[in-house]
Amino acid sequence: MNILSGMEQKIKERIQQAAHTAMGEGKISFETLPSFVLEKPREKAHGDYAVNLAMALTKQARMNPRAIAEALIESFDRSGTYVADMTIAGPGFINMSLDPAWHDQVIPEILAADKDYGRTDAGKGKKIQLEFVSANPTGIPHMGNARGAALGDTIATLLDAAGYAVEREYYVNDAGNQIEKFGDSLQARYFQALGQNVAFPEDGYHGEDITDTVAGYIEKHGDELLGLNEEERKEILVHYALNEKLGVIRGELERFGVKYDNWFYESTLYESGSVMKTLDQLRERGFIYEKDGATWLAATKYGEEKDEVMIRQNGTPTYFAADIAYHLNKFERGFETLINVWGADHHGHVGRMKNAMSALGKNPDSLEVVLMQLVRLFSGGEIVRMSKRTGNYIALGELMDEVGVDAARYFFVMRSADSHLDFDLDLAKSENSENPVFYVQYAHARIASILRQQEGERISANLGLLINPAEIQLIEKLAELPGMIAHAAESREPHRLCAYAHELASLFHSFYGKCRVLNIEPELSAARLELLRATKITLSNVLGMIGVTAPERM
RNA sequence: GCGUUUGUAGCUCAGUGGAUAGAGCGCUAGCCUCCGGAGCUAGAUGUCGCAGGUUCGACUCCUGUCAAGCGCACCA
């Protein structure tokens, strides 16, 4: 257990104890202890912690909150808590100040844990699956996919650090309608490339990448497909193109720092009969009926506004049918929690899918969807539309070429998923101090530089010498990491990592301006060097979780 | 029309029901004989969209309303 988290937990327990003790002594009365918070007050003058239990108890105890606070303080057992002083403030806060002796434990804890500092076992090894990006393999990843990749990967990293057993999965939509269209498009480009004047399907994939793919195929295999029938020709072209596209997608995502544990192919759901089996399960539960030659899901039976088609008149299952089977399959693989990262344009799908899981007897709360708002691209002050159909979009690869992986990942993770993101390409292209990632990386490089210059052997340090306010603020921020990670993981809010990294870097830069490290009294220098080592480890760990490098030099 | 996300400083955005609402950029004024100035210090800037409600206490929760984004297919 981390020093800070352990201390906070103990104080909360003692507060609860104090309430029960005070009731036992007849000082206050209540039926059930209301929930309360132990928080760090914004104002340093209010101490290290504030507890609001006295105010939360006013109704049940029918007493002035300050009188309740007094009773709680009297009954509070301070032994082993580092609590040095307790005062009543404002409407009834109990403010606590701590014995600074706890600071001495922070740096040794970090140095001992090193790359593992920040990790906790809060998740108790629970199996969680994160599915993200899952871009159609008919194109290459765009900006929306990039945001999903950065967010999904960082949430997975957070959950891993918080002690969950995480699996990253990519759902490959290699079946269904869009693959048909894909085949039609490829075939048209194939004919065109070989000089035949054929019309291109209106709802086909107009992207130039399709033309390139076909050109590549012809280079290798010539015009040998002309003699085949349409079905065989399209199947060969689709197979070739999907392989190529998935290779590109996988490569670009890996370059972006994202590696998947599993690539799940939609087509396997059809081959294994899962789609039909899932429909059978729904039918047994009375949610399936036939109408107009199609098979319907009676979603209105469980409160939806309308029923959904599962199998079309032409006999092919809908995407929704396959997706229900896919999610059921995830549960069958033993995951207790499923998290999907979806673009806001799919938000209508969230309730439908949860209700469908519910209809199949699964707990809908075990399926979570992190909805991210769409990315709007700006260039020269104008919106750049991204559309696979017009082929006019900025690809992930292009983004990485222009702004670099570090800046791109930090930029996407920095903002909460539900903020509507305007991505200014001109701003992102300019590599200057406007980009906050440099600020954090600079702090790391600066520490590395000092540690490089440090001469002589590392002597054991007296950490009690670190009493400058700048040093104390830095130490206290360092101590927050494990709790921050656990909280960010629980709330699926990776942007907290960026906020923390920036705060930590800021405290370091401030410390640097106030406290010299080298060429001062050896004992103090040794203590500050330990502080720098701990800060460097912490910065490096946080940046690593975001997917950003922690450079030794810049 | 129904659903959903957003609305906080000039701009981009943080903000566990708590005390005097924050950061970056930009702006103003300082700081390099000294460990990396991609930095530091200080300052100015607010009807937390609007109106009600809940409560000891609301930027935060609820209702309504206005504005913007995104959905509401036998597309995925």
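Cβ-Cβ contacts under 7 Å between residues 6 or more apart (or on different chains), taken from a first residue in the range A:538-554 that is under 17 Å from residue A:495 (Cβ atoms) to a second residue that is open to solvent by less than 30 Å² (accessible area, probe 1.4 Å) and among the acidic types (Asp, Glu), are listed as A:547/A:153.
Which residue out of A:472, A:459, A:485, A:467 is aliphatic (A, V, I, L, M), over 26 Å from the mean Cα position of the chain (by Cα) and under 28 Å from residue A:162 (Cβ atoms)? Can you show your working first?
On the way: A:459 fails: under 28 Å from residue A:162 (Cβ atoms); A:485 fails: over 26 Å from the mean Cα position of the chain (by Cα); A:467 fails: under 28 Å from residue A:162 (Cβ atoms).
It is A:472.
Within the range A:464-474, the residues that satisfy the criterion of being assigned to a loop (DSSP other than H, G, I, E, B) and open to solvent by less than 60 Å² (accessible area, probe 1.4 Å) are A:466, A:468.
The single condition from (1) surrounded by 14 or more Cβ atoms within 10 Å (Cβ to Cβ); (2) under 30 Å from residue A:117 (Cα atoms) that residue A:44 fails is (1). Set side by side, the residues A:278, A:295 differ, and just one is at negative phi, part of a strand (DSSP E or B) and touching a residue at least 12 places away in the same chain (Cβ under 8 Å), which is A:295.
Residues checked against (1) over 30 Å from residue A:33 (Cβ atoms); (2) open to solvent by less than 20 Å² (accessible area, probe 1.4 Å); (3) modelled with pLDDT of 90 or more:
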{"site": "A:60", "(1), (2), (3)": "no, no, no"}
{"site": "A:65", "(1), (2), (3)": "no, no, no"}
{"site": "A:69", "(1), (2), (3)": "no, yes, yes"}
{"site": "A:72", "(1), (2), (3)": "no, yes, yes"}
{"site": "A:78", "(1), (2), (3)": "no, no, yes"}
{"site": "A:112", "(1), (2), (3)": "yes, no, yes"}
{"site": "A:119", "(1), (2), (3)": "yes, no, yes"}
{"site": "A:126", "(1), (2), (3)": "no, no, yes"}
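A Cβ distance below 9 Å, combined with a sequence gap of six or more or placement on separate chains, defines the contacts here; from the range A:40-54, residues that are under 17 Å from residue A:98 (Cβ atoms) reach residues that are of a type in the set (Lys, Arg) and more than 6 Å from RNA strand B (Cβ to nearest atom) in the pairs A:48/A:40; A:49/A:40; A:50/A:40; A:51/A:12.
The condition (being open to solvent by 60 Å² or more (accessible area, probe 1.4 Å) and touching a Phe, Trp or Tyr at 6+ places or on another chain (Cβ under 7 Å)) is satisfied by just one residue among A:418, A:422: A:422. With respect to the conditions (1) assigned to a loop (DSSP other than H, G, I, E, B); (2) among the hydrophobic types (A, V, I, L, M, F, W, C); (3) away from RNA strand B (no atom under 13 Å from the Cβ), residue A:517 lacks only one, and its number is (3).
Per the listing A:478, A:463, A:504, the residue uniquely within 20 Å of residue A:438 (Cβ to Cβ) and not aromatic (Phe, Trp, Tyr) is A:504. All conditions but one from (1) assigned by TED's automatic domain parsing to the domain that holds residue A:492; (2) within 14 Å of RNA strand B (Cβ to nearest atom); (3) in a loop (DSSP other than H, G, I, E, B) apply to residue A:459; the one that does not is (2).
Out of the range A:284-310, which residues are charged (D, E, K, R) and surrounded by fewer than 15 Cβ atoms within 10 Å (Cβ to Cβ)? Answer for the range A:284-310, where residues must be charged (D, E, K, R) and surrounded by fewer than 15 Cβ atoms within 10 Å (Cβ to Cβ): A:284, A:285, A:290, A:291, A:292, A:301, A:305, A:306. For residues that are modelled with pLDDT under 90 and open to solvent by 70 Å² or more (accessible area, probe 1.4 Å), scanning just the range A:427-442, find the one that is farthest from RNA strand B (Cβ to nearest atom). It comes out as A:429.
Could we say that residue A:420 is near RNA strand B (Cβ under 7 Å from one of its atoms) and either touching a residue at least 40 places away in the same chain (Cβ under 8 Å) or in contact with a Pro (Cβ under 7 Å, 6 or more places away or on another chain) (or both) here? So residue A:420 fits the description; yes.
Within the range A:166-182, the only residue that satisfies the criterion of being near RNA strand B (Cβ under 10 Å from one of its atoms) and in contact with a Lys or Arg (Cβ under 9 Å, 6 or more places away or on another chain) is A:180. For the range A:443-463, filtered to residues that are touching a Pro at 6+ places or on another chain (Cβ under 9 Å) and in contact (Cβ under 8 Å) with a residue 24 or more places away in the chain, the residue that is surrounded by the most Cβ atoms within 10 Å (Cβ to Cβ) is A:444.
Consider residue A:448 carefully, then state whether it is aliphatic (A, V, I, L, M) and touching a helix residue (DSSP H, G or I) at 6+ places or on another chain (Cβ under 6 Å).
Judged against the criteria, residue A:448 is not a match.
Matching residues to (1) under 22 Å from residue A:153 (Cβ atoms); (2) out of contact with any His (no Cβ under 6 Å at 6 or more places or on another chain):
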| position | (1), (2) |
| --- | --- |
| A:339 | yes, yes |
| A:345 | yes, yes |
| A:351 | no, yes |
| A:359 | no, yes |
| A:363 | no, yes |
| A:366 | yes, yes |
| A:373 | yes, no |
| A:382 | no, yes |
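The values are calculated or read from the model by the stated rules, or taken from the named source; none is laboratory data. None of the values given here were measured: they were computed from a predicted structure. Counting neighbours? That spans all protein chains shown, and the Cβs are built from the backbone with ideal geometry, glycine included. Only protein heavy atoms, including side chains, enter the accessible area calculation; ligands, DNA and RNA are left aside. Shrake-Rupley method; radii C 1.70, N 1.55, O 1.52, S 1.80 Å.
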